[in-house]
Amino acid sequence: MKPRQKRLAIIVGGLATLGIAATLILNAFQSNLVFFFTPTQVANGEAPKERAFRIGGLVKEGSLQRSDIVARFIVTDTAKEIPVSYQGILPDLFSEGKGVVAQGVLSADGKFTATEVLAKHDENYMPPEAQAAVNKAHEATRTLKQ
Amino acid sequence: MIPEIGSFALVLALLVALVQGSLPLIGAQRGIPAWIALARPASSMLFLLIAVAFGCLTASFINNDFSVVYVAQHSNSRLPLEYRISGVWGGHEGSLLLWVLMLSLWSLAVAAFSRSLPDDMVARVQGVLGLVAAGFILFILLTSSPFERLLPGAEDGRDLNPLLQDPGLIFHPPMLYMGYVGFSVAFAFAIAALLSGRLDAAWARWSRPWTTAAWIFLTLGIGLGSIWAYYELGWGGWWFWDPVENASFLPWLVGTALIHSLAVTEKRGSFKNWTVLLAIGAFSLSLLGTFLVRSGVLSSVHAFASDPKRGIFILVFLAVVVGSSLTLFAWRAPKVSLGGAFALMSRETLLLINNVLLLSAAGAVLLGTLYPLVIDALNLGKLSVGPPYFNAVFTPLMVPLLFLMAVGPVARWKHTSLAEIARPLRWAFGIAVAAGVSIPFFYGGWSGSVALGMGLAIWIVGASVLQILARTRSGLPPRAFWGMHLAHMGVAVTVVGIVMVTQYESERDVRMAPGDTVKTGGYQIRFLGVEGISGPNYNAARGNLELLKDGQLVMPLHPEKRKYLSSAMPMTEAFIDPGLTRDIYVSLGDPLEGGDGAWSVRVYYKPFVSWIWGGAVLMALGGLLAASDRRYRLKSTAARAGKLAAQGAAS
């Protein structure tokens, strides 16, 4: 091969690799974004029906039931409440009255089945998503009162 | 008094760092020998002052001085001594001090082991390191001093986060930081070479052992973090694609690319510009990692505090470092010669593909890590990118990388032919295909991913063994040769671990009442009950379980659920029976309603999981062999002999 052809081959090969990699990456990226919704948004029907998403807020006091391996509790942003069920062991920092973020799917009857309950690693720590959900709900009620 | 001494030492260290970061650099540009000579003593002084500051903070921790805010927040009088010492880097301020201590240690090491380098080169390298150190010390003094007082002092401290009270924490952060900060040396060498205009093979040879040394620490640091997550977080996972993990993985990917690109620059004089860019990139990603972890933009175990001032400072610092080094690069790069030409089929091309694949992987990880942050910062909503994305992107990029890893070392520089590559490797290929296809059947059912992964691992090991056999026939090869093959086989070992545990692990959360038995991976686990015990600074519920094989007791299992006295936070302590081919992993969940003493129990069977970290250790050992190769020291012996001869002639 002449040097010019060689250079051309390298450039074409490089661009092709980059193109394939970029397509692959963006494709996987699009289909794996997980969006976050507050309980109010879920109650208003803004959340997707089939796709997995995240929900965050506070675990309602006295709502946790743990008879079998399935745990049931209510996530609230102080305005709306969403019942959640999770099969498995809850993380150490899960407790009533504290913030929580869960990932899963919403069934037709408005119940959320979590596949993952996210563990945050400090008792004084509030997941930013959960904090945002509560703040949003507070703002909404304040506007209503005025 | 002690904290004030520490604070004062830090201020002095800032002044020394500013001197180290200015005079030697100017001296090297203008040719002023006295200013050039300042570089080495300045770096010793800098290390001494920061060591004093670090020692003062450690002393405050050991003495339980709760009038220091940082100590009050991260320690407690009941905390055992070893955790009071490791607590020094258990929070934001202290870990930054550790960062700077590591930086000054690297700077000192460069001063000590670079006797053979031209003095102006040393001066430039030390100058750049001094500037980086000045930036970080300024950051500590302005936004995050660990020596601030609390008046009046606290009765007792708030205690170290129980998750961090673990032997893993003693070693994980220092290792990781040594790696992060170590890339500053490669960066400093690159900038020094750009400044002096001597971007040549000698420069590549000087910076190779330093880059490899940093990479060794980073490899071990990431491995330790993964082990820690595995046994301490109570989830049994070894990698979560958590933003903080990604922050340490990004410099590793680019650093690995840099090591390979440096090889081309040293041996063939090619890829110079590319190598410089990689050195700048690896260090910038280390800084980005520090920013992500320390600014509080991420919600994770590592985000101890969120203070926007800190985030902005690091971001500005990052912008200055990246901006100025890229400007310098743009100014100098066109003058750099291109180096040796090479054919399409050559080791150069294979290493170029290695670089493209590693950087594509780094780019994909960077996208998945930063995208949610950017979207959130622009107020476009909250979202996250999950592990499926990373797995979907990472695997296809790694398959060709692993395949070519066996081919690269066989290929000759400049020009090689397919026959030259295929002939020595045909046996390895045959064995790899046969073993890859058959192993899944032996191990519990066909799986394409296991066949591919095991095939690739055997292909890499087979190719390395064949080359070692061929090479040792003609005398003992140098350490670098052993190092490369050991590191490559380490990757293969890690791949075996990942593939096997991903495919054949069993994870079950079950309800167990006393007397209940569950089966997992050929074993039975019997639950006997839970009893209360108390430790030095915690109370715990301790599970009594038995691991049985064919009805025979193998060993008792005692997972714990701890409640630390100083906090309401419970802690799951998993019990692991580790093994070469499998780990048995049990942890306690919660007591369940029903009145029969039942608990939720997590029972995991993890085949070959320890290979993941065993591979990392092999990679690090390989790096150690490569970095200690004779040819990096040859010149220094020659130089010393020259100096001695000169002295002899003078006297």
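The values are calculated or read from the model by the stated rules, or taken from the named source; none is laboratory data. The model shown is predicted, which means the values in this text are computed figures rather than measured ones. Cβ atoms come from the backbone with ideal geometry, glycine included; neighbour counts cover every protein chain shown. For the accessible areas, the whole protein counts, side chains as well, though only heavy atoms, and no ligand, DNA or RNA atoms are used. Shrake-Rupley method; radii C 1.70, N 1.55, O 1.52, S 1.80 Å.
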(message) Please compute the per residue accessible area over chain B with all protein chains in place, 1.4 Å probe, rounded to a whole number of Å².
(response) 40 Å²
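Provide the buried accessible surface between chains B and A in square angstrom, both chains summed, 1.4 Å probe, rounded to the nearest 100. The partial results should precede the final answer.
Values: alone 27410 and 9900 Å², together 33810 Å².
Summed over both sides, the interface buries about 3500 Å².
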(request) As a check on your grasp of the helix formula, calculate [θ] at 222 nm for chain B: sum -39500 (n - 2.57) over DSSP H runs of n ≥ 4, divide by the residue count, round to the nearest 500. (result) -22500 deg cm²/dmol
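How much space per residue, in cubic angstrom, does the convex hull of the C-alpha atoms of chain A take up? Don't skip to the answer; put the middle values down first.
On the way: hull volume 27.6 nm³, N = 146.
Residue-normalised Cα hull volume stands at 189 Å³.
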(message) Test of understanding: in a Gaussian network model of chain A with alpha carbons linked when under 10 Å, which of A:Q41, A:Q65, A:Q30 would top the mean-square fluctuation ranking?
(response) A:Q30
(message) For B:K272, give me every one of the aspartates and glutamates with a C-alpha distance below 13 angstrom, ignoring sequence neighbours fewer than eight places off in its own chain.
(response) B:D200, B:E348
(request) Note down the net charge around B:C56, summing +1 for each Lys or Arg and -1 for each Asp or Glu among other residues with Cβ under 11 Å from its Cβ. (result) -2
(request) Check each residue of the range B:340-358 and keep those whose accessible area, probe 1.4 Å, is at least 50 Å² smaller with all protein chains in place than in the chain alone; give them in order of residue number. (result) B:L344
(message) Could you give each residue of the range B:381-392 its phi-based ³J(HN,Hα) in whole Hz, using Karplus coefficients 6.51, -1.76, 1.60 with θ = phi - 60°, and x for Gly or Pro?
(response) x, 10, 8, 9, 10, x, x, x, 4, 4, 5, 5
(request) With only Lys, Arg, Asp and Glu charged, each at its Cβ (+1 for the first two, -1 for the last two), find how big the charge dipole of the range A:39-120 is about the Cα centre; round to the nearest 20 debye. (result) 80 debye
(request) Take the alpha carbon gyration tensor of chain B, find the square roots of its eigenvalues, order them as a ≥ b ≥ c, and report rounded if a/c is under 1.5; if not, report prolate when a/b exceeds b/c, else oblate. (result) oblate
(request) Throw me the Rg/Rh for the range A:39-120, computed over C-alpha atoms with Kirkwood Rh, two decimals. (result) 0.92
(request) Sticking with the crude label model, points 7 Å out along Cα→Cβ, report the distance from A:I20 to B:L624 in nm, one decimal please. (result) 3.9 nm
(message) Rounded to whole Å, give me the distance from the Cα center of the range B:395-420 to that of the range B:526-594.
(response) 47 Å
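Where the convex hull is taken over the Cα atoms of the range B:161-221, what is its projected area averaged over directions, in nm²?
Numbers: hull surface 18.4 nm².
So the Cα hull casts an average projection of 4.6 nm².
At 1.4 Å probe size, with the rest of the protein present, what percent of the exposed accessible area of the range A:39-120 is carbon and sulfur atoms? Walk me through the intermediate numbers first.
On the way: 1680 of 3630 Å².
Heavy-atom surface of the range A:39-120 belonging to carbon and sulfur, 1.4 Å probe: 46 percent.
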(message) Can you compute the charge dipole magnitude of the protein assembly as shown about its Cα centre, using +1 on each Lys and Arg Cβ and -1 on each Asp and Glu Cβ, nothing else charged? Give it in debye, rounded to the nearest 20.
(response) 3980 debye
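State the three equivalent ellipsoid semi-axes of the protein assembly as shown, derived from the C-alpha gyration tensor as the square roots of 5 times its eigenvalues, in descending order and whole Å.
On the way: eigenvalues 411, 243, 142 Å².
After diagonalising the Cα gyration tensor, the semi-axes are 45, 35, 27 Å.
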(message) Relative to 2.2 N^0.38 Å, what does the C-alpha radius of gyration of the range B:108-201 come to as a ratio? Two decimals please.
(response) 1.55
(request) Please name whichever of B:L81, B:W238, B:A626 sits farthest to the positive end of the charge dipole of the protein assembly as shown, dipole taken about the Cα centre and charges placed at Cβ: Lys and Arg +1, Asp and Glu -1. (result) B:A626
(request) Kindly identify residues of the range A:54-95 having a loss of at least 20 Å² in accessible area between the isolated chain and the assembly of all protein chains, probe radius 1.4 Å. (result) A:R54, A:R66, A:S67, A:D68, A:I69, A:I89, A:D92, A:L93
(request) Only counting protein heavy atoms at a 1.4 Å probe, give the residues of the range B:563-595, ordered by number, whose accessible area falls by 10 Å² or more when the other protein chains are present relative to the chain alone. (result) B:S567, B:A568, B:M569, B:P570, B:T572, B:G589, B:D590, B:L592, B:E593
(request) Answer with one residue from B:L98, B:G497, B:F481: the one whose Cα lies farthest towards the positive end of the charge dipole of the protein assembly as shown, charges on Cβ with Lys, Arg +1 and Asp, Glu -1. (result) B:F481
(message) What are the ³J(HN,Hα) couplings of the range B:89-105, residue after residue, when phi is run through the Karplus curve with 6.51, -1.76, 1.60 and θ = phi - 60°? Round to Hz, x for glycine and proline.
(response) 9, x, x, 4, 4, x, 6, 5, 4, 4, 3, 5, 4, 4, 4, 5, 5
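Considering only protein heavy atoms and a 1.4 Å probe, what is the carbon-and-sulfur percentage of the accessible area of chain B? All intermediate terms of the calculation are to be shown ahead of the outcome.
Working: 17430 of 25720 Å².
The value for chain B is 68 percent carbon and sulfur by accessible area.
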